[in-house]
1. Which net charge results for the neighbourhood of Ala89, defined as the other residues with beta-carbon distances under 14 angstrom from its beta-carbon, given Lys and Arg at +1 and Asp and Glu at -1?
2. For region 224-273, which trypsin sites (Lys or Arg not before Pro) are in a loop by DSSP, counting at most 13 other Cβ atoms within 10 Å?
3. Check Leu23: other-chain or 5+ apart residues with amide H under 5 Å from its amide H, H built from backbone geometry?
4. Checking the cross-link filter: which lysines have an alpha carbon closer than 17 Å to that of Lys188, excluding same-chain neighbours under 8 positions apart?
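Just so you know, all these numbers are worked out from the coordinates, no wet-lab data involved. Just so it is clear, the structure is predicted and the values come from calculations on it, not from any experiment. Every residue, glycine as well, gets a Cβ built from its backbone with ideal geometry; the counts of neighbours run over all protein chains shown.
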Amino acid sequence: MSITVRCPSCQQRSRVADGALGLLVACPRCPHQFVAQADDAPVLQPDIPRQSIPTFHSQRRSEVAPNPATPLEDVPHHAGPNGFLISVALLPLGIPLVWLLVGAITGRETILSFAAPLALAVGVCGLCGGIALTHWSTAARIRAMLAVVVLAYLVSGVLFFVKQSWLEEARKNFNFNRGEREFVPPDKAYIVRFPGLPKEQDTSPIEGWALKAFRFADPNRAGSGVFVSAHGVAPKDFPKEDPEEVWFQKAKAKLLETTGAALVKDDPIRSPDFQAHEYELQFPDDQLKRVVRILRIRNRVFYLSVDGPFLTGDTPDVKEFMKSFKLPKVKN
């Protein structure tokens with residue numbers, strides 16, 4: 001004969017064999033252990049088959065019976081995430097708010113976009129939700145979620161105070177190795193190696209200059225990883241008789257006017273075959289940079305540029321793209 005008992009912790013009823021009365025039993029619905037006593041309103045259940053009733057040996061109350069209780073209903077061993085677990089799982093959603101508050105208090109602008117803390121918050125919130133649905137004990141789930149939440153807030157703090165020089169240094173040492181291919185425009189005016197197959201662009205990269213441009217955008221890096229090459233005849237107000245310094249000063253002013261970006265660096269490139277300057281530009285949102293190289297060869301102009309976050313002229317993929325430019329060999 002089985003006897004119905006009630007767990008004093010979760011108040012759920014379960015069945016035990018009558019021989020288990022007075023023994024310490026484990027509740028099948030929660031991790032609580034209690035001394036089996038008949039419920040105030042016992043409900044007699046049919047006999048449990050012998051093979052499903054564990055064998056009990058003489059033992060003190062301090063000893064635990066090996067799970068003699070049988071649940072009245074076929075339910076999981078835990079009651080699922082309660083309100084407290086859900087509230088812990090939602091704690092990471094405060095990370096974007098903390099970013100806003102820290103920025104307002106310190107007056108410091110982070111170089112990363114607001115998408116960084118938002119993505120971190122959503123990802124960690126999903127992870128905590130997964131932990132809340134496990135079959136672990138409630139205490140173990142709470143400890144695991146709190147550890148993940150604390151780690152997420154520490155990571156968000158590092159991301160907020162990260163310095164641009166750190167990211168630029170990391171970007172310099174990271175080469176994407178996309179399998180470059182040699183590209184020659186239809187008129188065979190130059191040769192350059194793109195990280196993919198470029199497409200012809202309708203507009204000139206510099207406003208007012210008649211440059212035929214070709215563009216490749218990395219599909220895995222939205223808004224960045226853009227490589228452009230272009231060439232054409234120099235504008236009439238840029239005569240080839242102008243000294244190098246004067247000509248490139250005018251070109252730089254036109255470039256800044258077209259892009260609306262701030263000039264970070266201006267490096268002259270020395271070569272016996274051509275005159276060139278390389279410019280590093282920073283766009284107003286502080287998230288995108290552009291490295292531009294303008295070459296002047298007699299009355300023709302060649303343009304190369306790469307867009308991306310935290311890049312410089314020394315970044316490997318930028319450096320390789322710029323160095324790959326060459327003029328075709330002239331046949332005698």
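1. Working: positive: Arg141, Arg143; negative: none.
Spelling it out: positives minus negatives among the neighbours equals +2.
2. Working: sites: Lys236, Lys240, Lys250, Lys252, Lys254, Lys265, Arg270; in loops: Lys236, Lys240.
Answer by residue number: Lys236, Lys240.
3. Hits under the 5 Å cutoff: Ala36.
4. Qualifying lysines at Cα under 17 Å: Lys199, Lys212, Lys326, Lys329, Lys331.
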